[in-house]
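Read-outs throughout are calculated quantities, based only on the coordinates presented, and are distinct from any laboratory measurement. Predicted model only: the values in this text are computed from it and were never measured. Glycine gets a Cβ as well: all are built from the backbone with ideal geometry, and neighbour counts include every protein chain shown.
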Amino acid sequence: MKKIVIIGSGAASERALKEIIRENVDTFLVVIGKEKNAPYPRPRLPELIEGKLDDSAFFPDALEKYREKNFLFINDEAVKIDRDKKTVVLKSAKSISYDRLIIATGSEAFIPDIDGVSQDHVHVLRSYSDAVRIKKDLSSSSYPVVLGAGVLGIEAALAIKKRRGVNVRLIESAGYILSRQLDEKASAFLEKRLENLGLSFIKNASIKSIKEKSIVLSDGNEMDSDFLLLSCGVRSSVSLAKDAGLEVNRAIVINSNAQTSDKDIFACGDCAEYNALCPSLISFANESARVASLSALSIKAEMNYESPVFSMLVPSASVFTVGKMTDNVVRKEDEESLVSYYLSDSKILGISAINRQSMMMSASKMIGTEYREEN
Ligand SMILES: Cc1cc2nc3c(=O)[nH]c(=O)nc-3n(C[C@H](O)[C@H](O)[C@H](O)COP(=O)(O)OP(=O)(O)OC[C@H]3O[C@@H](n4cnc5c(N)ncnc54)[C@H](O)[C@@H]3O)c2cc1C
């Protein structure tokens, strides 16, 4: 019986586990995860902060449902991959052998090097335990601030606003918000809707130092802040792979079969990079996990992942983007919604839609087609 070991117990790991069980091949499966209650729906962490979800709804029976299969969950941290012996060494000093290994170690929140960053009222939001700490600290906060107005920063700020009922300020180093997903005009349209929801934005700004009750901005201005959430992007967790001598760029390099530079080791999710893409999105975690698990079973599978689809499902300020932006833009706008079509000649190369969730299904199919007035 082949033994497949998965390091990590997040979304990618769970998807890989499901695929392997579904194939019903005679396999012994081991998942090594350092978070006790994982996997859980990480994108729903803001709902825990808001108070919309409680723990019992947040943690379904996760891995319990796989117990009857040939499956073992080890709640421990993998500290080394020994490729010669084909073993994974755990923090507890135990050693787990494998025939095929899948690395699904995800990513971690990036913490910028700012004077005062290690104080207790400075937070990141990546895990359940982060959310628990945030909820506790927020109860006594009057001046919450979020550094970074990307999607995670915005979602977290809205959750904080709903929990505390106070205005939340976001500090953004770029000249406009969601600058990777939207152009300036679409960004301004969204910003107005988010301001109506209780957020305010300080753009072209960064933090020079963090004090107990205030922050000092890079222009020298000081503002009240007794709670700071850092939302400055993520870094793929690649140290195990790097130490084992696997090829790593921004993340662990995988080919179209989700195979790393070692033929018996596969990688998926936030820790993997395919065709220079490392989008840190659930859609990529699912696709790369599907291919990694089938490949680990020696079943032919190829990655089918091109341009990432992006969505932020905030009521009255939802965003959906697909494809890429160009300088030739046609807009369709009304009071509440804005759709931007990005063209090359008359072909649609990209679409962004604000408050038009109904387009989510159809937009991807429009990429590469001719633009028509009735779109
Ligand atoms: C607040 C928030 C909101 C988000 N919203 C969205 C969204 O709306 N849409 C979207 O597409 N994506 C969203 N994401 C991103 C999405 O959650 C990730 O892309 C996804 O979780 C990646 O899954 P993964 O399994 O690769 O990594 P992770 O979910 O990070 O899981 C990796 C797991 O491996 C464990 N691990 C790491 N190293 C080791 C080790 N050495 N030994 C044992 N265990 C280890 C970690 O503790 C972790 O439990 C959001 C993320 C956050 C934090």
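Which of rounded, prolate or oblate describes the chain when judged by the alpha-carbon gyration tensor and an a/c cut-off of 1.5?
Oblate shape, in that a/c is at least 1.5 and b/c is the bigger or equal ratio.
In whole Å, what are the Cα extents of region 111-230 along the three principal axes, biggest one first?
38, 30, 23
Using the alpha-carbon centroid of each, what span in Å lies between region 177-232 and region 246-316?
32
Sorting 59, 73 on the 10 Å Cβ count, fewest up front, what's the list?
Numbers: 59 14, 73 19.
With the sparsest Cβ surroundings first, the list reads 59, 73.
Going 7 Å from the Cα of residue 97 in the Cα-to-Cβ direction, what parts of region 17-35 have a backbone nitrogen less than 18 Å from that spot?
Zone members listed by number: 27-31.
Classify region 108-167: rounded, prolate or oblate, from the alpha-carbon gyration tensor (a ≥ b ≥ c, eigenvalue square roots; a/c under 1.5 rounded; otherwise prolate if a/b is larger than b/c)?
Details: a/c = 1.41, a/b = 1.27, b/c = 1.11.
Rounded, since a/c falls under 1.5.
Please give the contour-minus-distance gain from residue 85 to residue 276: 0.36 nm per residue of separation, less the Cα-Cα distance, rounded to one decimal in nm. Don't skip to the end; give the middle numbers.
Numbers: separation 191, 0.36 × 191 = 68.76 nm, distance 3.03 nm.
Net length gain for the segment: 65.7 nm.
Tell me, what is the FRET efficiency for residue 264 and residue 188 to the nearest 0.05, using R0 = 56 angstrom and their Cβ-Cβ distance as r? Walk me through the numbers before you get to the answer.
Working: r = 51 Å, r/R0 = 0.91.
For R0 = 56 Å, the calculated efficiency reads 0.65.
Which lysines, if any, have their Cα less than 22 Å from the Cα of residue 2, not counting same-chain residues under 8 positions apart?
Within the straight-line limit of under 22 Å, residue 2 reaches these lysines: 18, 65, 69, 80, 85, 86, 94, 263, 300.
Within a Cβ distance under 10 Å of residue 247, other residues only, what is the Lys/Arg minus Asp/Glu net charge?
-1
Among DSSP bridges having both ends in the chain, what percentage is antiparallel? Round to the nearest 5.
Looking only at bridges with both residues in the chain, the antiparallel portion is about 55 percent.
Which of 309, 88, 25 ends up with the largest GNM mean-square fluctuation for the chain, with Cα atoms connected below 10 Å?
It is 25.
Project the alpha carbons of region 177-302 onto their principal axes and report the range along each, largest first, in whole Å.
57, 34, 20
For residue 53, what is the net charge nearby, where nearby means another residue's Cβ is under 13 Å from its Cβ and Lys, Arg count +1, Asp, Glu -1?
Values: positive: 42, 44, 52, 135, 162, 163; negative: 47, 50, 54, 55.
Spelling it out: positives minus negatives among the neighbours equals +2.
For the residue pair residue 202 and residue 373, what label-to-label distance in nm results when each label sits 7 Å from Cα along the Cα-to-beta-carbon direction?
Reported label-point gap for residue 202 and residue 373 is 4.8 nm.
At a 10 Å Cβ-Cβ cut-off, how would you order 250, 126, fewest neighbours first?
Result, fewest neighbours first: 250, 126.
If each DSSP helix of 4+ residues adds -39,500 (n - 2.57) and the sum is divided by the residues in the chain, what number results at 222 nm, nearest 500 deg cm²/dmol?
Details: 9 runs with 88 residues, N = 375.
It comes out at -7000 deg cm²/dmol, rounded to the nearest 500.
Stretch residue 329-residue 118 to full length: gain in nm at 0.36 nm per residue minus the Cα-Cα span? Each step should come with its number before you reach the end.
On the way: separation 211, 0.36 × 211 = 75.96 nm, distance 4.41 nm.
Result for the pair: 71.6 nm of gain on full extension.
Pick out, in residue order, every one of the trypsin sites (Lys or Arg not before Pro) in region 280-375 that is DSSP loop and has at most 16 other C-beta atoms within 10 Å; say none if there are none.
300, 324, 372
Work out the P(r) tail for region 245-326: percent of alpha carbon pairs separated by more than 19 Å, whole number.
40
Given a 10 angstrom Cα cut-off, can you work out which residue in 303, 325, 361 is the most mobile in a GNM of the chain?
Top of the fluctuation ranking is 361.
Find the Rg to Rh ratio for region 318-366, where Rh is the Kirkwood radius over alpha-carbon pairs and Rg uses the same atoms.
With Rh from the inverse mean 1/r over Cα pairs, Rg/Rh is 0.94.
Mind running the shape call on region 213-369? Use the C-alpha gyration tensor, a ≥ b ≥ c as the square roots of the eigenvalues: rounded below 1.5 for a/c, prolate if a/b tops b/c, oblate otherwise. Walk me through the intermediate numbers first.
Details: a/c = 2.43, a/b = 1.21, b/c = 2.01.
Oblate, because a/c is 1.5 or more while a/b does not exceed b/c.
Antiparallel DSSP bridges in region 111-230: what percent, to the nearest 5? Numbers along the way, then the final one.
Numbers: 6 of 20 bridges.
If I count the DSSP bridges inside region 111-230, around 30 percent turn out antiparallel.
Percentage of Cα-Cα pair distances in region 285-375 greater than 22 Å, rounded to whole percent?
That fraction is 39 percent.
Of 110, 201, how do they rank once you tally other Cβ atoms within 10 Å and put the fewest first?
Exposure proxy ranking, most exposed first: 110, 201.
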